[in-house]
1. Ranking K383, K331, K85 by Cβ neighbours within 10 Å, fewest first, what do you get?
2. Beyond 15 Å, what share of the Cα-Cα pairs of segment 114-224 remains, rounded to the nearest whole percent?
3. PRE reach from A195 (point 7 Å along Cα→Cβ): which of segment 118-152 fall under 16 Å by backbone N?
4. Rounded, prolate or oblate for segment 262-337? Axes are the square roots of the Cα gyration tensor eigenvalues, ordered a ≥ b ≥ c, and the cut-off for rounded is a/c under 1.5.
5. Percent relative contact order of the chain, based on C-alpha pairs within less than 8 angstrom and at least six residues apart?
6. Using a cut-off of 18 Å between alpha-carbon atoms, which aspartates and glutamates can reach K186, once sequence neighbours fewer than 8 places away in the same chain are excluded?
7. Tell me which of P166, Y419, T363 sits at the most positive position along the dipole axis of the chain, charges placed on C-beta atoms (Lys, Arg +1; Asp, Glu -1).
8. Compute the relative contact order of segment 1-93 as a whole-number percentage, counting only Cα pairs closer than 8 Å that sit 6 or more residues apart in sequence.
Amino acid sequence: MDGSVTTNPFLRGNYAPVRSEDDFELKITGEIPAGLAGSLYRTGPNPQFEPDSDYHWFVGDGMVHGFHVDAGKVRYLNRYVRTPKWKLENEHGRRLFNTWGDPRKTDPLAMGQDGGVANTNILWHGGKLLALEEAHPATAMDPITLETTGYVDLGGKVTAHPKIDPDTGEMVFFAYMDEAMPFSNKVSYGVADAAGRLVRRETFEAPYCSMIHDFLVTEHYVLFPVLPLTGDFARAMAGGPAFAWEPDKGAYVGVMRRDASVDTIRWFHTEANYVFHPMNAWEEDGRIVADVMQYERAPLFPDVNGERGDNAAARMARWTFDLSGASDHIKRDYIDDLPGEFPRFDERRAGLSYRHGWWAGQTARNGEIRPDAIAHLDLATGKRSVFELPFGDATSEPVFVPRSASAEEGDGWLLAVAYRAPVDRSELLVFEAQDVAAGPIATAQVPRRVPFGFHGNWRSAQG
């Protein structure tokens, strides 16, 4: 793929796939902290074969990138997730599946076959490394070799953004469009215990079919955002967009106690907006408070007529839900003005009030939705600090690693993978988490680029 000419923006530059599977010992600049030992995993779309003309970044084959850190050294390796789709296309040596499952553009060999790509998130839970995406079961991989070992049975689909309860170790998850009929409004809610065993799964109907990319979990509640990036099978079959911005549908968030039935969901509402990723949510004085990266219009997707708006960036907003009041309206306020995406925090505070947050910032110097900065916000002081990459470079989602299991909140390191455009390669960056503006304390140089991807997580050497 590298060096080929294409008009699809998701197949150019650092979006273009890297199809080799490699193992490299990385050159280190600076000093990797002695206490930093474990593995950073990142994943993203990386089409095995040239996709069809309507290819979208969200649906390429998953490739996992692993950075194994030990004794001041870093080893890098990358592997495709061997999904049933990847295996079938690999066997036949060509693309068989359409981007959005359109039967008119799908090879007969792929009709009715599993089209999962496992390309959105990668995390450690219940003794398994799990590769995740929107519409299929979790796929297990070996944490050292990244060999694919197969699906994990959690009752069906597991979307890409489960939450790990820091107290119980439970994995709380959901799945949208959760029935055989395409673009349904069925949503499932599930819980796996700390050992990875399914202990609960229930299904309910959302107000309409929405791309529910992520959700929120507090100590006692779960929140399901149903926002007007809608899916419509009939629209897609008529030649329209499979997913489209439809603001007249309004925006809803379903709120449910974690120990209650889905029949008890209470639907809050607000004006049209879109969120791919929340930061965190917690309970406070009879309210739920949630910090999210909010768009006024969903980017990357057209409206129902196929028209695309400006790719406006997201900003950190605070949503407040009054559980004791009579109103079901969501109060929304912006709390920071630096655009960005991929918010992260010290996940030992997941579902609880928190102080420190980080995200991939966008300074807008290049006029694109391309994160070119790393931001840290201290919510106690309101102080924001930023590290800006050189013009043209870009960063991944930053991932926080605590200095120790007992360290205070926010005391640790921040890891990110940066694309260095002038030399067309990538680096692992290591920061002091509360001093990102000082720049990385160490870098590990990958001898080629790591394509833009979505999410990553850390697994400590202690497991």
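1. Values: K383 9, K331 14, K85 22.
Going from least to most buried by this count: K383, K331, K85.
2. Numbers: 3742 of 6105 pairs.
In whole percent, the share of Cα-Cα pairs in segment 114-224 beyond 15 Å is 61.
3. 125-128
4. Numbers: a/c = 2.62, a/b = 1.67, b/c = 1.57.
Note, shape of segment 262-337 comes out prolate.
5. Details: 1224 pairs, mean separation 59.0, N = 463.
Across the chain, relative contact order equals 13 percent.
6. E133, E134, D178, E202, E205, D214, D232, D263
7. It is Y419.
8. On the way: 141 pairs, mean separation 27.7, N = 93.
Over segment 1-93, the number comes to 30 percent.
Every read-out reported here was derived from the displayed coordinates using simple, explicitly stated rules and does not represent laboratory data. It should be emphasised that the depicted structure is a prediction, and the values quoted were computed from it without experimental measurement. Glycine also receives a Cβ, built like all others from the backbone with ideal geometry; neighbour counts cover every protein chain displayed.
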